[in-house]
Amino acid sequence: NGGFIYMKNTTSSGTGLIYIGIEPNEAAAALEGSSEVQRLFTLKRGEFAWFPFDYTMDITIDASAATQQLEYWIFDRG
């Protein structure tokens with residue numbers, strides 16, 4: 001049935017970025033480079049995303065610095 005995902009970059013200061021992507025079969029890779037085709041979007045400090053997700057792939061999260069903080073919630077459709 002899938003669901004919805006909410007993600008927010010809650011980092012309190014700085015200019016670090018959080019990268020969001022998808023990967024098949026648990027094949028995680030670094031998402032920092034601009035040529036990575038599996039990267040979907042970048043969250044700057046204070047930005048958020050809300051999107052539907054069908055649970056057919058793995059969501060991959062990477063950051064430009066070790067101090068980045070990501071808040072996320074998953075809402076099942078039922």
- Query: What is the gain in length, in nm to one decimal, between Ser12 and Tyr55 on full extension, counting 0.36 nm per residue of separation less the C-alpha to C-alpha distance?
  - Reply: 12.5 nm
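Please work out how much length the chain gains when fully extended from Ala66 to Phe4, using 0.36 nm per residue of separation minus the C-alpha to C-alpha distance, in nm with one decimal.
Details: separation 62, 0.36 × 62 = 22.32 nm, distance 2.66 nm.
Residue separation times 0.36 nm, minus the Cα-Cα distance, leaves 19.7 nm.
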- Glu23 to Arg77: extension gain in nm, 0.36 nm per residue of separation minus the Cα-Cα distance? 17.2 nm
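Every number in this text was worked out from the coordinates using simple rules, so none of it is lab data. If you're wondering where the values come from, they're calculated on a predicted model, not measured in any experiment.
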